[in-house]
Amino acid sequence: MMNKVALLIGGNQGNRQMLIEQTTVLIQERIGTVVAVSKVYETEPWGEFEAESGEQRVENFMNQALLVATSLTAHEVLHEALAIEKELGRQRTQLSPLTSQPSTRKYHSRPMDIDVIFYNDEVIETADLTVPHPRMHLRRFVLEPLAEIMPGYRHPILGKTVKEMLEEVQ
C-alpha cells in the first residue's frame with residue numbers, strides 16, 4: 001500500500017533555488033514518487049528569527065510543497081528527511097521535536113528544512129514527530145503552496161480543508 005505524505009521544503013541560505021531542486025531529487029530517490037509539486041514561494045522569515053553569527057541580514061525563505069507517494073512509514077520519512085537536510089548543509093544543535101505546545105524557541109537560517117505536514121489521514125504524536133504539523137494552520141507560507149496541490153484535503157483534527165485554513169490565516 002502506498003502512503004501519501006505532504007512535505008514542505010525550503011530554506012534561506014545558499015543557492016536557494018538549486019537547493020530546492022536538489023531536495024526534490026533526493027526525496028524522489030529516497031522517500032518516494034513526487035506526484036504533485038507547487039510553485040516556489042518566497043516569503044519573509046516567520047516567527048522570532050535570530051541571525052546566525054556572521055550573517056549581515058536574514059534572507060527570505062523559498063518554500064515549496066510536495067505530495068509524495070511512499071512505502072515508508074511516517075518515522076522512516078522523517079529519518080530520510082533529516083538525513084537529506086544534513087547532507088545539504090543543515091546543522092542542528094539538537095533535534096527539537098514538534099509539539100502542539102506554543103514554541104518559545106528562536107528560529108535560525110538554514111540551507112534546507114523539510115517538514116512532514118500530513119501523512120495519509122493519520123494523527124501521530126510521538127517524542128520526535130507530530131503529524132499533522134502542529135503549527136501549519138497558522139502559517140501562510142505552508143498553506144499557500146499546500147493549497148495549490150491539495151486544496152480540498154481535510155485536516156484530520158481541525159476538520160477544515162487546506163483552502164479553508166488558508167482563507168482564515170492572516
- [ ] Compute the signed sum of charges (Lys and Arg +1, Asp and Glu -1) over the other residues within less than 11 Å, Cβ to Cβ, of H137.
- [x] +2
Task: Inter-label distance, nm, simple model (7 Å from Cα along the C-beta direction), E59/M1 - done: 4.1 nm
Open item on the list: Starting from 0.36 nm per residue, how many nanometres of slack lie between T126 and E44 once their C-alpha separation is accounted for?
Closed with: 26.5 nm
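Taking Rh as the Kirkwood radius computed over C-alpha pairs, what is the Stokes-Einstein D of the range 126-170 at 25 °C in a medium of viscosity 0.890 mPa s, expressed in µm² per second?
Working: Rh = 10.7 Å.
Estimated via Stokes-Einstein, D reaches 230 µm²/s.
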Task: Euclidean distance between Cα centres, the range 1-50 to the range 73-93, Å - done: 12 Å
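Values quoted throughout were computed directly from the atomic coordinates according to the rules given, and no laboratory measurement underlies them. Only a predicted model underlies this, so the values are computations on that prediction, with no experimental measurement involved. Virtual Cβ from ideal backbone geometry, glycine too; neighbours counted across all protein chains shown.
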